[in-house]
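So the structure is just underneath, and the comments pick up after that.
The values are calculated or read from the model by the stated rules, or taken from the named source; none is laboratory data. Worth saying up front: this structure is predicted, and the values here are computed from it rather than measured. For neighbour counting, all protein chains shown are included, and Cβ atoms are generated from backbone atoms with ideal geometry for every residue, glycine included.
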Amino acid sequence: MALIHELLNQRPFYYTAAEIARLLETPKRTIEHDLYVMKSWQMPIGNCKAKGGYHFTEAEVPMPLSRFGETDAGSLVLVRTVLGVLSGTRVGESAARSLDKVISRAGGNVRERARRVGDIIHLRGLRPIAPMDYELFQLLLDCCLDFAKIEIDYGRPQDKERRRHFVQPRALVGAVNGWYLLIDDRKSPGKLINFALSRIKRARLTGERFVPVPVDVQAHFAHSIGIFGGGDPTRVRLRFNLAAGRIATEQRPHESVVSTELADGRIEMTLNVSLNKETEAWIFGWSKEVEVIEPPELRARRYDDCAAIMVQGREFRG
């Protein structure tokens, strides 16, 4: 049908079913059936006997979505909602317009379904790009696509002043706490380093390009519970009070999570993740509701953390 659609869009030409069958090397009966179906889709197909054939009565007729149903509409609206975090960027606006165009070409019941799904589905957690970052985001996206080197002024939380870096951008990652640029780790080819967009003060093209080394973004985050990628996995074993353990299990911080309810009513959780500040923040954030069983070094840091809190408490009480 797509080929018939292309032929009929070639105005002012007219084609009989026999001519279309010959051009497409398809049985005439099949062509007649396809034309009948296309008419049932309310496509403006005319059959001018005076000029000898079928044609579109309107210019540039789009091909309708023959298999696009209500479920598909819901899926696209979900994608459209997620794209809200890219609102204001060229790529985000372009993708949103494309999805809207696809939905608009569907049937009336499908469009109504899409509208209702849009009113129902809401996302929380993914933070939209701040307005001041629109231009930066687009620049970084273009650099990732073109393998263009850039110069940026970047400051880590522990740095007193921003430092200048010459980097090779590879990917952009959206997380709960913002957006990050992944760059090549020049000391370890094939590895990646995270730079938070919110900490980039300035970015400038150098005019140079680089030959990309293959990288696997998914592998970079394979053992991470958030945005801190890289690092080898470590077996972590935790024991939660019942309610906290059930909530922690529901949160499922990592795909390796295995939870077991113990005879004493507590819940033991094991997971294989890289140990970093992000992992520790999630575990220690459960406060007295969790006990670190292993590894020993994490248990020791947990003890030191609790000891420091006790000192602060004593100082607060005077």
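Of all residues assigned to segment 210-227, at least one qualifies as being among the hydrophobic types (A, V, I, L, M, F, W, C), loosely packed, with under 11 Cβ neighbours inside 10 Å and either over 30 Å from Phe147 (Cβ atoms) or at pLDDT below 95 (or both). The set of residues in segment 140-155 being of a type in the set (A, V, I, L, M, F, W, C) and touching a residue at least 40 places away in the same chain (Cβ under 8 Å) consists of Leu140, Leu141, Cys143, Phe147, Ala148, Ile150, Ile152.
Looking at segment 86-95, which of the residues that are assigned to a helix (DSSP H, G or I), surrounded by fewer than 17 Cβ atoms within 10 Å (Cβ to Cβ) and of a type outside the set (Lys, Arg) is modelled with the lowest pLDDT? Once the filter is applied, the top-ranked residue is Val91.
Report yes if Glu297 is among the acidic types (Asp, Glu), surrounded by 14 or more Cβ atoms within 10 Å (Cβ to Cβ) and either at pLDDT 90 or above or in contact with a helix residue (DSSP H, G or I) (Cβ under 7 Å, 6 or more places away or on another chain) (or both), otherwise no. In short, no.
The set of residues in segment 242-286 that are closer than 28 Å to Asn194 by Cα and free of Cβ contacts under 8 Å to residues at least 12 places away in the same chain comprises Glu250, Gln251, Arg252, Glu255, Ala281, Gly285.
With Arg186, Arg162, Arg156, Arg127 as the choices, which residue is more than 27 Å from Glu93 (Cβ to Cβ), touching a strand residue (DSSP E or B) at 6+ places or on another chain (Cβ under 6 Å) and modelled with pLDDT under 90?
Matching residue, one of Arg186, Arg162, Arg156, Arg127: Arg162.
Just one of (1) farther than 21 Å from Pro157 by Cα; (2) out of contact with any helix residue (DSSP H, G or I) (no Cβ under 6 Å at 6 or more places or on another chain); (3) touching a residue at least 24 places away in the same chain (Cβ under 8 Å) fails for Ala308. It is (3).
Determine whether segment 231-252 contains at least one residue that is assigned to a loop (DSSP other than H, G, I, E, B) and aromatic (Phe, Trp, Tyr).
No, every residue in segment 231-252 fails to be assigned to a loop (DSSP other than H, G, I, E, B) and aromatic (Phe, Trp, Tyr).
The set of residues in segment 184-233 being touching a His at 6+ places or on another chain (Cβ under 7 Å) and either within 24 Å of Arg163 (Cβ to Cβ) or of a type in the set (Lys, Arg) (or both) consists of Leu192, Gly229, Gly230, Gly231. The set of residues in segment 156-181 being within 26 Å of Pro212 (Cβ to Cβ) and in contact (Cβ under 8 Å) with a residue 40 or more places away in the chain consists of Arg156, Phe166, Gln168, Arg170, Ala171, Val173, Gly174, Ala175, Gly178, Trp179, Tyr180, Leu181. Restricting the search to strands (runs of 3 or more DSSP E) fully inside segment 158-228 and requiring at least 2 residues that are under 18 Å from the mean Cα position of the chain (by Cα) gives 169-175, 178-184, 192-196.
Only a single item in (1) β-branched (Val, Ile, Thr); (2) farther than 30 Å from Ala248 by Cα; (3) surrounded by 14 or more Cβ atoms within 10 Å (Cβ to Cβ) is not met by Thr206, and it is number (3).
What are the residues in segment 254-269 that are of a type outside the set (Val, Ile, Thr), touching a strand residue (DSSP E or B) at 6+ places or on another chain (Cβ under 7 Å) and within 24 Å of Ser224 (Cα to Cα), if any? Step through it out loud before you land on a result.
Filtering segment 254-269 down to residues of a type outside the set (Val, Ile, Thr) leaves 254-256, 259, 261-266, 268-269.
Now restrict to residues that are touching a strand residue (DSSP E or B) at 6+ places or on another chain (Cβ under 7 Å): 254, 256, 259, 261-262, 266, 268-269.
Once the filter is applied, which keeps residues that are of a type outside the set (Val, Ile, Thr), touching a strand residue (DSSP E or B) at 6+ places or on another chain (Cβ under 7 Å) and within 24 Å of Ser224 (Cα to Cα), segment 254-269 yields His254, Ser256, Ser259, Glu268, Met269.
Pairs meeting the criteria (first residue in segment 288-300 and in contact (Cβ under 8 Å) with a residue 60 or more places away in the chain, second residue basic (Lys, Arg), beta carbons under 8 Å, at least 6 apart or on different chains) are Pro295/Arg235.
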